[in-house]
Structure formats: C-alpha cells, structure tokens
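Contents: one structure, followed by commentary.
The values are calculated or read from the model by the stated rules, or taken from the named source; none is laboratory data. Everything quoted here is computed from the prediction, not taken from an experiment. Cβ placement follows ideal geometry from the backbone for every residue including glycine, while neighbour counts extend to all protein chains displayed.
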Amino acid sequence: MDNITWLTMRRMRTPLIVMIMVYSLSVFGMVLIPGQDETGRAVQVTFLDASYFIAIMATTIGFGEMPIAFTHAQRLYVFIILFPNVVAWLYSIGTILALFLDPQFKEVLHRSRFKRRIRWLGGPFYIVCGFGNTGSMIVKGLLKRGINAVILERERDIIQNMSLNAEFSHLPALAGSVADRRLLELAGLHAPGCLGVMAITNKDHANLTVAISCKLLRPELPVFARSETRRVSANMASFGTEHRIDPYTIFAERFYLALSSPTKYLVQDWLISVPVSELRTEIKPPAGHWVVAGLGRFGSRIAPQLEKAGLPFTVIDVHPDRVENRDGAILGRGTEAHTLIEAGVKDSVGIIAGTGDDVDNLSIIMTARELKPDLFIVARQENQQNDELFDSFQADLVARRSLIVARRMLTVATTPLLPTFLSHLDHEDEAFTSRVKARLEVVLHKRAPNLWTEELVAGHADAVLAAANEGVDIRLEHITSNLRIETPENLDCVCLVLERGALRLFLPGPKQELHVGDRLLFAGRGTAQREMIWNLTEPSVLIGFATGRPQARSTVMRWLTHQDSRGKKAQ
C-alpha cells in the first residue's frame with residue numbers, strides 16, 4: 001500500500017468510524033419512524049430519502065423537511081440526532097485539516113512527488129549528494145551537457161531556495177541525510193537511467209558513507225566522492241571507489257606542474273576551464289626561496305611539491321607540533337609582519353597563504369605584499385562568497401576548493417577520455433606539449449574550448465557506418481571539415497584522443513583512418529561540434545567528400561549506384 005494512503009487511513013480511521021456509526025444510526029432511526037401525508041395517511045420513509053435528508057442536515061445545508069413535512073415524532077428525533085451528526089462531521093473535517101498540516105504527512109507527500117518526478121525525468125541522470133557551492137556548480141555543468149541530476153541535501157533551506165531558482169526548479173530534490181541508504185534508493189539508485197553517484201558534501205564521513213552504500217547496493221555504478229583527508233581517501237580506495245576527489249592534492253600536483261613545466265600547466269588549464277571563458281596566459285612560478293604560511297590539510301600537500309621541485313622554503317604555523325617537526329619552522333600565524341620577516345619573506349620569491357581561514361589568508365597576502373611587492377602569491381580560499389576579495393588582490397594562483405572539485409568531477413563524469421589525455425600529457429616531453437598548445441591556439445581564439453566525445457556507432461555516426469558498408473575509407477580530416485560550404489574548410493577543433501578497443505592514439509593526424517566503434521575526444525568551438533554532428537549523420541555528404549564524387553541522398557539510390565559500379569568493373 002502507498003505510504004500516503006496508509007498514513008491517511010491510519011489517521012482517519014477513528015473519525016470515519018464515528019461518522020459512519022452516527023450516520024447509519026440516524027438513517028435507521030428515520031426509516032423506523034413513520035411519517036404522515038396531507039391526508040393523515042401513514043407514509044414510510046425510504047432508505048434513500050432518509051440518507052439524503054441526514055446528509056444535507058449533517059453538512060448544515062438544510063434544504064428542509066423531505067420528502068414530506070415531518071411529524072412531531074420525526075422532528076423530535078431530528079432534534080436529537082442533529083448535534084451528534086454535526087459534531088461527527090466537524091471532527092472528521094478537523095482531522096483531515098490536521099493531517100494535511102502534519103509535518104510527517106507533508107514529508108510523505110513530498111517524497112511521493114519526488115519519486116514521481118524521477119520517473120518523469122526521461123533521460124540519464126546523476127545522483128548528487130550535497131547542493132552547496134560545489135553541488136550547484138556541478139549540477140549547472142551537467143545541465144549544460146544535457147544530463148539531468150537528482151539532488152539530495154541535508155539542509156531543508158537550501159532545497160527551498162533551489163525550488164525558487166528557475167535554473168534548478170525542475171529537478172527532483174529532497175532534504176534529508178545523504179548518508180541514509182533509503183534516501184539513495186528513493187533517489188533512483190537502482191533506476192536504469194542512473195549514471196552514477198556524486199558525494200560532494202563538506203563532511204568526509206558522509207561522503208564515505210555514501211560511497212560504501214553505493215558500492216554495496218550497486219557495485220557496478222561509478223561513484224565520485226569528495227575527500228579532503230588522506231585517511232578517508234585510503235578508506236574509499238580500499239573498497240573500490242573509482243574517483244576520489246581531493247581538491248588540495250589536485251591543486252598541489254598542478255602547482256608542481258606549474259613549477260616544472262609551465263606549458264603543460266597552461267594546456268591543462270585551457271582544457272579544464274569553463275567553456276568560452278577567457279584563456280589564462282602562461283604562469284611561471286619563480287625559482288628561489290618560498291614561505292609557506294599554514295601547514296594543515298592544504299600546506300601539508302604543497303610542501304612536498306616544493307621539496308620535489310628542489311625549492312627551499314620556510315614554514316609558519318600556529319600549531320607547535322607542526323613547527324617542531326620541521327627545521328627552521330616558525331611558530332606564528334603569518335599575519336604579523338615580524339613573523340614574515342623572520343621567515344625571510346624579503347628574500348623570498350613567493351608566499352603560500354594556506355591557512356583554513358580566508359580572512360587570515362587575505363591578511364597574510366596584504367602584509368607580505370607591503371614587505372615585498374613583487375612576490376608570487378598562492379592563496380587558499382575556502383568560502384566562495386569571498387571571490388571578489390581574492391580577485392581584488394590579484395593573487396597569481398588561488399586554490400578555490402569548490403571550483404577544483406566541480407571541474408574534476410565534471411571532467412571525469414562527462415568526458416572520460418580527458419583524464420586519460422591529461423595523464424598522458426604529464427608523461428610526455430615538452431615537444432608534444434608544444435604541439436598540443438600550438439594546435440589549440442589556432443582553433444580556440446583565446447576562449448576556453450568545448451569538449452565532446454564522438455562515438456562512431458549506429459545512431460551517432462550513421463554516415464561512417466554507411467561508408468564502411470560501401471567500402472569507402474573515412475579519415476579524420478573528412479569529419480573535421482566544414483562540408484556545408486562549396487570549398488570545405490577545417491573546423492575549429494582538435495582531436496586529442498582516438499580510442500579503438502585497448503588502443504589509444506594521442507593527437508592523431510588528419511590522415512588517420514577511422515573505423516566503426518572508434519571513440520574520439522575533441523576540443524574546440526561549439527560551432528565545430530554542431531558541424532561535425534551534421535557530417536556524421538549525412539552519409540551522402542560525407543561519402544561524396546571522401547570519394548570526390550557526388551552521391552545520391554537516399555540509401556536505395558546509393559545502393560543501386562554502388563551495384564552499377566561493381567557491375568561495370570566486373571565487365
């Protein structure tokens with residue numbers, strides 16, 4: 001039985017029994033008492049007449065004495081049963097109103113509506129656990145890529161505010177503990193359209209619980225979990241969580257990349273930037289002495305990268321246990337000028353403000369800049385509301401936790417070939433990186449690229465399948481040309497990866513032959529993506545361009561032409 005029906009019947013059981021009993025006794029009494037017509041002849045009241053009269057009396061409508069004028073006995077009986085009927089109706093109506101105002105009933109009603117909206121989504125979706133700054137950015141990115149989201153959030157106020165936002169109001173959302181297994185199942189964990197689960201709350205334990213629950217209930221489903229402590233990350237890895245997103249580790253690794261290879265850092269930044277945003281120029285952190293203010297979760301990940309790069313640094317921290325384990329470390333907050341001077345900021349090339357407090361980090365930056373204006377600034381930002389403050393200081397690098405997590409999750413979830421390419425880029429030489437950079441610069445026009453994956457299968461690339469059936473070889477240059485114009489031109493895009501089974505080709509050339517089943521990752525303009533989709537779905541145009549001969553547009557005519565050409569060759 002549905003929860004709403006069960007709860008309604010449970011709450012209305014007593015009022016309904018009372019009302020039925022009072023109504024039934026009243027009807028039977030009316031039937032038993034005979035009436036009189038105008039001639040004085042006895043008239044027996046029928047059950048229908050009695051039921052009708054009791055109904056209009058109890059509801060206070062009161063059309064009058066029906067079907068005929070009552071006798072004194074009938075009027076006395078009506079006087080006796082009038083009050084019990086009215087009370088029974090009022091009792092029932094009051095119970096119904098109380099039921100609709102009951103928080104438990106409203107919660108059950110909301111959950112029923114939540115389940116119904118999930119069934120009506122009509123497409124693939126991710127379950128997003130947590131809708132704070134990070135969650136809203138991720139959901140916005142998913143929607144731009146045509147993927148829906150089902151949202152679970154602990155704070156009811158956030159869900160209410162979300163329902164007022166036109167961008168998100170159509171999405172199913174429910175307030176409750178994201179670590180509750182029942183809520184995950186209610187959110188469609190077992191639904192065929194569920195693509196995966198994203199646990200992105202600011203509580204590592206909640207994210208860990210979500211990851212464990214999903215792996216136990218549906219092991220084949222990918223889980224993307226945010227984790228900011230090494231212990232929790234290791235725990236998630238132990239039971240097979242595929243994607244563990246540690247924003248501080250990600251930033252530290254990319255900071256090392258900026259130190260060791262500014263070009264690789266730049267290319268990676270272009271590829272993970274928000275599409276159409278302005279491209280970042282090359283950043284070159286200087287070599288020399290650095291000051292690290294704060295050795296907590298952020299600083300403890302940055303310090304090893306400085307050591308790996310062979311750069312000297314001095315640590316400032318308020319915790320004595322962190323200071324005493326490092327030679328030359330200074331006890332202090334870093335917001336005071338004398339502490340920074342003692343750490344050697346005047347002889348340093350850069351400073352890392354990495355405490356857990358945004359105000360302290362801003363104070364450290366201000367004080368350090370006053371002491372040495374040309375310092376390279378790396379800052380940690382915890383609260384998204386402080387974006388304008390950090391932007392006003394024009395720090396060279398800012399570790400925005402929410403943005404790092406959102407970027408990485410969207411990258412892995414929507415373009416799974418991109419992490420493969422970025423990992424390959426890390427291990428390649430500078431010559432390969434320079435080639436990638438040069439090819440991207442030609443097509444991007446100083447704006448961050450759109451990223452998309454094309455899979456050469458039925459329904460997505462019918463033109464390639466038609467070409468394969470007719471024995472026509474299709475190369476990469478054929479699908480990356482604008483075929484709508486008289487003289488085809490190259491589209492503004494670059495193929496980064498070609499995946500064919502276990503084989504992966506990185507930065508394939510224009511002459512690369514394509515096979516049915518290939519997966520290709522492209523970076524470029526949105527117009528290039530639209531033109532490429534048109535190329536892949538128009539067999540006559542693509543085959544005509546590949547062969548240099550005009551093709552019939554219908555499949556039957558192309559087949560007849562193909563058969564005719566085969567016959568001529570046989571003769």
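Below, the figures for the structure above:
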| read-out | value |
| --- | --- |
| Matching option when the condition is of a type in the set (Val, Ile, Thr), assigned to a loop (DSSP other than H, G, I, E, B) and assigned by TED's automatic domain parsing to the domain that holds Arg10, among Val45, Val78 | Val45 |
| Scan of region 109-126 for residues that are of a type outside the set (Phe, Trp, Tyr) and not in a loop (DSSP other than H, G, I, E, B), ordered by number | Leu109, His110, Arg111, Ser112, Arg113, Lys115, Arg116, Arg117, Ile118, Arg119 |
| Qualifying residue in region 62-77 (condition: out of contact with any Gly (no Cβ under 9 Å at 6 or more places or on another chain) and among the β-branched types (Val, Ile, Thr)) | no |
| Only one of Ala73, Ala55 that is surrounded by fewer than 16 Cβ atoms within 10 Å (Cβ to Cβ), part of a helix (DSSP H, G or I) and within 60 Å of the chain's Cα centre (by Cα) | Ala55 |
| Within region 212-241, tally of residues that are farther than 22 Å from Gly123 by Cβ and in contact with a Gly (Cβ under 9 Å, 6 or more places away or on another chain) | 3 |
| Residue that is nearest to Ile151 (Cα to Cα) [pool: residues in region 76-95 that are of a type in the set (Val, Ile, Thr) and surrounded by 14 or more Cβ atoms within 10 Å (Cβ to Cβ)] | Thr95 |
| Criterion (assigned to a loop (DSSP other than H, G, I, E, B), touching a helix residue (DSSP H, G or I) at 6+ places or on another chain (Cβ under 7 Å), assigned by TED's automatic domain parsing to the domain that holds Arg435 and modelled with pLDDT under 90) met by exactly one of Arg553, Arg549 | Arg553 |
| Counted residues, region 472-492 - those being in contact with a helix residue (DSSP H, G or I) (Cβ under 6 Å, 6 or more places away or on another chain) and either buried (at least 18 other Cβ atoms within 10 Å of the Cβ) or assigned to a loop (DSSP other than H, G, I, E, B) (or both) | 7 |
| Any pair with Cβ under 8 angstrom, 6 or more apart, that starts in region 111-135 at a residue that is under 30 Å from Asn383 (Cβ atoms) and ends at one that is of a type in the set (Phe, Trp, Tyr) and exposed (fewer than 15 other Cβ atoms within 10 Å of the Cβ) | none |
| All positions within region 461-471 that are in contact (Cβ under 8 Å) with a residue 60 or more places away in the chain, surrounded by fewer than 19 Cβ atoms within 10 Å (Cβ to Cβ) and in a loop (DSSP other than H, G, I, E, B) | Glu470 |
| Scope region 503-531; condition of a type in the set (A, V, I, L, M), in a loop (DSSP other than H, G, I, E, B) and over 16 Å from Ser423 (Cα atoms); matching residues | Val516 |
| Number of the exception - Glu107 against (1) crowded, with 18+ Cβ neighbours inside 10 Å; (2) at pLDDT below 85 | (1) |
| Count - residues of region 170-201 that are assigned to a loop (DSSP other than H, G, I, E, B), more than 15 Å from the chain's Cα centre (by Cα) and either touching a residue at least 60 places away in the same chain (Cβ under 8 Å) or under 21 Å from Arg244 (Cβ atoms) (or both) | 2 |
| Restricting region 130-148 to residues that are buried (at least 24 other Cβ atoms within 10 Å of the Cβ) and small (Gly, Ala, Ser), the residue that is nearest to Asp180 (Cα to Cα) | Gly130 |
| Matching residues, region 472-501, being without any contact (Cβ under 8 Å) to a residue 24 or more places away in the chain and touching a Pro at 6+ places or on another chain (Cβ under 6 Å) | Leu498 |
| Hey, Arg254 in a loop (DSSP other than H, G, I, E, B) and under 18 Å from Ala379 (Cα atoms) or not | no |
| Residue, surrounded by the most Cβ atoms within 10 Å (Cβ to Cβ), within region 390-443, restricted to residues that are touching a Leu at 6+ places or on another chain (Cβ under 9 Å), more than 28 Å from Phe298 (Cα to Cα) and not charged (D, E, K, R) | Val436 |
| Residue count, region 22-41 (criterion: part of a helix (DSSP H, G or I) and either in contact (Cβ under 8 Å) with a residue 24 or more places away in the chain or in contact with a His (Cβ under 6 Å, 6 or more places away or on another chain) (or both)) | 7 |
| Residue match in region 206-227 (condition: assigned to a loop (DSSP other than H, G, I, E, B), surrounded by 23 or more Cβ atoms within 10 Å (Cβ to Cβ), touching a helix residue (DSSP H, G or I) at 6+ places or on another chain (Cβ under 7 Å) and without any contact (Cβ under 8 Å) to a residue 40 or more places away in the chain) | yes |
| Residues located in region 444-460, provided they are among the hydrophobic types (A, V, I, L, M, F, W, C) and exposed (fewer than 14 other Cβ atoms within 10 Å of the Cβ) | Ala458 |
| Qualifying residue in region 254-265 (condition: touching a helix residue (DSSP H, G or I) at 6+ places or on another chain (Cβ under 6 Å), modelled with pLDDT under 95, under 26 Å from Ala149 (Cα atoms) and not polar (S, T, N, Q)) | no |
| Residue pairs meeting the criteria (Cβ under 7 Å; at least 6 apart or on separate chains; first within 11 Å of Leu507 (Cβ to Cβ), in region 417-433; second among the aromatic types (Phe, Trp, Tyr)) | Phe421/Phe506; His424/Phe506 |
| Residue in region 127-146 that is over 21 Å from Pro103 (Cα atoms), of a type outside the set (Ser, Thr, Tyr), in a loop (DSSP other than H, G, I, E, B) and touching a Gly at 6+ places or on another chain (Cβ under 9 Å) present | yes |
| Yes/no for Met1 being within 30 Å of Leu174 (Cα to Cα) and either modelled with pLDDT of 85 or more or not in a helix (DSSP H, G or I) (or both) | yes |
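The rows are residues; the columns are (1) buried (at least 19 other Cβ atoms within 10 Å of the Cβ); (2) assigned by TED's automatic domain parsing to the domain that holds Thr367; (3) in contact (Cβ under 8 Å) with a residue 40 or more places away in the chain.
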| position | (1), (2), (3) |
| --- | --- |
| Arg280 | no, yes, no |
| Gly296 | no, yes, yes |
| Arg301 | yes, yes, yes |
| Pro304 | no, yes, yes |
| Pro312 | no, yes, no |
| Ile316 | yes, yes, no |
| Val323 | no, yes, no |
| Gly328 | no, yes, no |
